[in-house]
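A short write-up of the structure that comes next.
The values are calculated or read from the model by the stated rules, or taken from the named source; none is laboratory data. Here the structure is a predicted model, which is why all the values come from computation and not from measurement. Positions of Cβ are generated from backbone atoms using ideal geometry, with glycine treated the same way; all protein chains shown enter the neighbour counts.
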């Protein structure tokens, strides 16, 4: 069996870079049980696959967790409210910018602004769930969001649906990647928008992903049941 998920990951470079002894980051759920967390990022401007994803999740009675940027919520408030009525929402910043290139003050402002939009439109409190745009982070940026009460949430399976058909991906490849990396505590990364070429691979593949996961004896869970705020 693959290694157990480490919820509070101690990064060796943290002590010298930030003065913190540990950094709180999640890549897998801390369990040996056959559970999987589906997560969906909404960071760009598009939301073309969102309605289809929400319909599939509702019809198949599948819980999921969403990470929404404030700008995405501002552009798609009705969809954001629809998500918030059923699912936990994590902070994905406001601008969906690479946080490594920002100052500490800019990071804090971007995270706070993102949280403001989540609360204003959905009534949800995103803490302690935070995901860095593009997965780009380092010890400094993780320490900053940890100090704001957030755990950095990554993933163990990236479907690569965001690459689109033009980069060699397909609905079949999305399903195959989940199948190849499925393990207890897996966190699956998918997206609500279109790829650069306009394809909607994640939303197209989602029904088959759900069937695959259930056929292997797994059940779906939300991140808020497992992820806790840094101490």
- Residue list for region 210-231, filter: farther than 19 Å from residue 60 by Cβ and crowded, with 17+ Cβ neighbours inside 10 Å: 224, 226, 227, 230
- Task: Filter region 153-186 down to residues that are buried (at least 23 other Cβ atoms within 10 Å of the Cβ) and touching a residue at least 60 places away in the same chain (Cβ under 8 Å) and give me whichever is nearest to the chain's Cα centre (by Cα).
- Result: 153
- In region 187-225, how many are touching a residue at least 12 places away in the same chain (Cβ under 8 Å) and farther than 26 Å from residue 72 by Cα? 7
- Message: Based on this model, can you work out whether residue 179 counts as more than 21 Å from residue 86 (Cα to Cα), touching a strand residue (DSSP E or B) at 6+ places or on another chain (Cβ under 8 Å) and either modelled with pLDDT under 95 or part of a helix (DSSP H, G or I) (or both)?
- Response: no
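Scanning region 85-94 for residues that are free of Cβ contacts under 8 Å to residues at least 60 places away in the same chain and more than 13 Å from residue 115 (Cβ to Cβ), which turns out nearest to the chain's Cα centre (by Cα)? Before the answer, list the steps.
To start, the set of residues in region 85-94 that are free of Cβ contacts under 8 Å to residues at least 60 places away in the same chain comprises 85-86, 89, 91-94.
If we keep only those that are more than 13 Å from residue 115 (Cβ to Cβ) as well, we get 85-86.
Working: 85: 18, 86: 16 Å.
It comes out as 86.
Within region 204-230, track down each residue that is in a loop (DSSP other than H, G, I, E, B) and under 17 Å from residue 30 (Cα atoms).
Step one: list which residues in region 204-230 are in a loop (DSSP other than H, G, I, E, B), which gives 216-218, 221-222, 226-230.
Correct list: 218, 221, 222, 226, 227, 228, 229, 230.
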- Message: Being part of a loop (DSSP other than H, G, I, E, B), under 19 Å from residue 99 (Cα atoms) and modelled with pLDDT under 50 is the requirement here; does residue 23 meet it?
- Response: no
- Task: Spot the failing condition for residue 136; the list is (1) under 17 Å from the mean Cα position of the chain (by Cα); (2) without any contact (Cβ under 8 Å) to a residue 40 or more places away in the chain; (3) closer than 23 Å to residue 48 by Cα, and only one is missed.
- Result: (3)
